[in-house]
Amino acid sequence: MNIPLKPQTSQPARALAGRVALVTGSTSGIGLGIARALAAAGADVVLNGLGVASEIGRTREQIAAEFGVKTSYSPADLTRPRSIAEMIAATIAQSGRLDILVNNAGIQHVAPLEQFPVEKWDRILAINLTSAFHTTRLALPAMRQNGFGRIINIASAHGLVGSPFKAAYVAAKHGIVGLTKVTALETAEESITCNAVSPGYVYTPLVEAQIDGQAKAHGISRDQVIRDVLLAQQPNKRFATVEELGALTVFLSTDAAASITGIALPVDGGWTAH
Ligand code: NAD
């Protein structure tokens with residue numbers, strides 16, 4: 001049987017023009033890189049995250065001016081379900097739609113299980129996992145109504161494998177991979193996709209915060225921490241970049257990725273190939 005081929009089209013430069021994207025935890029690091037990449041592809045972007053209001057305002061203005069898109073900001077604290085509901089409602093009220101949801105916000109705490117502070121466990125689970133349950137359940141009705149949706153959960157290599165002393169983080173990241181699969185299955189017939197991206201180490205403030213502590217704990221230099229501790233499991237021996245994660249998020253948001261759903265895609269230089 002001959003199946004007629006459609007003409008091959010290249011990805012337009014502004015493949016996401018007309019789309020509205022919300023990126024949680026986009027005042028810093030990976031989330032900011034993803035927000036910039038989505039804006040560069042033409043999407044209007046809602047930023048969210050903690051930080052100094054004036055600096056966030058400048059970031060917002062800079063993205064709008066650089067890429068010619070609309071930007072807004074929600075200060076929602078993702079430990080608070082009511083704030084999350086207000087953020088989603090405000091996004092839909094302002095833009096009339098929410099096409100791309102990137103659940104990126106995350107925090108880390110490192111301690112042995114028996115000494116793991118209970119309040120840190122609760123906070124990590126709330127921000128890294130439960131907030132994505134809330135944003136997803138609240139965004140889906142608008143996506144279903146528009147017949148289009150892309151949900152991208154920034155998990156981690158720690159959503160696929162464990163490491164000692166990171167009980168809450170590893171549990172939350174494995175949890176978000178599970179949430180990704182269920183969301184994908186429940187939306188598969190509706191032009192909505194849900195995927196997890198699982199980075200290895202990416203150089204951001206979250207990682208910078210671990211370097212000095214590890215150097216002290218092991219009595220070694222920063223360079224040794226980077227190569228022998230942080231990147232010990234990462235065979236390519238370099239950090240992934242926020243630009244790489246931004247480009248992947250843009251791709252997963254395009255029509256070209258319409259059949260990709262329910263995966264947890266490692267971006268880890270070979271870490272989980274071990
Ligand atoms: P980051 O610390 O640079 O940024 C975290 C973002 O989350 C910030 O914008 C912060 O304001 C926001 N945030 C924290 N608590 C919040 C709260 N209560 N409410 C709203 N926003 C809140 O970290 P990053 O390295 O860019 O990490 C981003 C995501 O990528 C996280 O989910 C992290 O687990 C994941 N990740 C990071 C790495 C890495 O090596 N950096 C590797 C794998 C996965």
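Show Leu248, Leu206, Leu47, Leu185 ordered by accessible area, largest first, where the area counts protein heavy atoms only and the probe is 1.4 Å. Working shown, then result.
Values: Leu248 30, Leu206 65, Leu47 0, Leu185 140 Å².
Most to least solvent-accessible, the answer reads Leu185, Leu206, Leu248, Leu47.
Taking the centroid of alpha carbons for each part, segment 149-169 and segment 42-90 are 24 Å apart.
Add +1 for every Lys or Arg and -1 for every Asp or Glu among the other residues with Cβ under 12 Å from the Cβ of Tyr169, and state the total.
Details: positive: Lys120, Arg123, Lys166, Lys173; negative: none.
Spelling it out: positives minus negatives among the neighbours equals +4.
So, in nm, how far is label Glu86 from label Ala209 when the simple model puts each one 7 Å beyond its Cα toward the Cβ? The modelled label-to-label distance comes out at 2.3 nm. Helix 53-67 and the longest principal axis of the C-alpha atoms of the chain enclose an angle of approximately 50°. Could you tell me the relative contact order of the chain? Use alpha-carbon pairs under 8 Å, at least six residues apart, and round to a whole percent. So the answer I get is 19 percent.
How big is the dipole moment of segment 126-274 about its Cα centre under a simple scheme where the beta carbon of each Lys and Arg is +1, that of each Asp and Glu is -1, and everything else is neutral? Debye, nearest 20, please.
Taking the Cα centre of segment 126-274 as origin, the dipole is about 300 debye.
Angle of helix 29-40 to the longest C-alpha principal axis of the chain, folded into 0 to 90 degrees and rounded to 10: 20°.
Taking amide hydrogens as placed 1.01 Å from N in the peptide plane, the amide H of Ala264 sits under 5 Å from those of Ala196, each at least 5 positions away in sequence or on another chain. Springs between Cα atoms under 10 Å define the GNM used for the chain, and in it the highest mean-square fluctuation of Gln214, Gln115, Gln94 occurs at Gln115.
If you count Lys pairs in the chain whose Cα atoms are under 29 Å apart, skipping same-chain pairs closer than 8 places in sequence, the total is 11. Between Asp228 and Glu61, the distance separating the two model label sites (each 7 Å from Cα on the Cα→Cβ line) works out to 4.7 nm.
Taking the chain as a Gaussian network of alpha-carbon nodes connected by springs under 10 Å, the highest mean-square fluctuation of the residues Pro235, Pro199, Pro164 belongs to Pro164. Under a 10 Å cutoff between Cα atoms, tell me which one of Ala256, Ala184, Ala196 has the largest fluctuation in the Gaussian network model of the chain. Ranking Ala256, Ala184, Ala196 by mean-square fluctuation puts Ala256 first. Near Asp77: Cβ cut-off under 13 Å, other residues only, Lys/Arg at +1 and Asp/Glu at -1. The net charge is +2.
More than 17 Å apart: what percent of Cα pairs in segment 169-242 qualify?
Numbers: 1577 of 2701 pairs.
Summing the P(r) of segment 169-242 above 17 Å gives 58 percent of all pairs.
To the nearest ten degrees, helix 205-218 and the longest principal axis of the Cα atoms of the chain are 20 degrees apart.
Cα-based Rg of the chain per 2.2 N^0.38 Å, rounded to two decimals? Could you put the intermediate results ahead of the total?
Working: Rg = 18.8 Å, N = 274, 2.2 N^0.38 = 18.6 Å.
Ratio of Rg to 2.2 N^0.38 Å for the chain: 1.01.
The values are calculated or read from the model by the stated rules, or taken from the named source; none is laboratory data. Quantities reported herein were computed from a predicted structural model and do not represent experimental measurements. Cβ: placed from backbone, ideal geometry, glycine included. Neighbour counts: every protein chain shown. Protein only, heavy atoms only, side chains kept; ligands, DNA and RNA dropped before computing areas. Shrake-Rupley method; radii C 1.70, N 1.55, O 1.52, S 1.80 Å.
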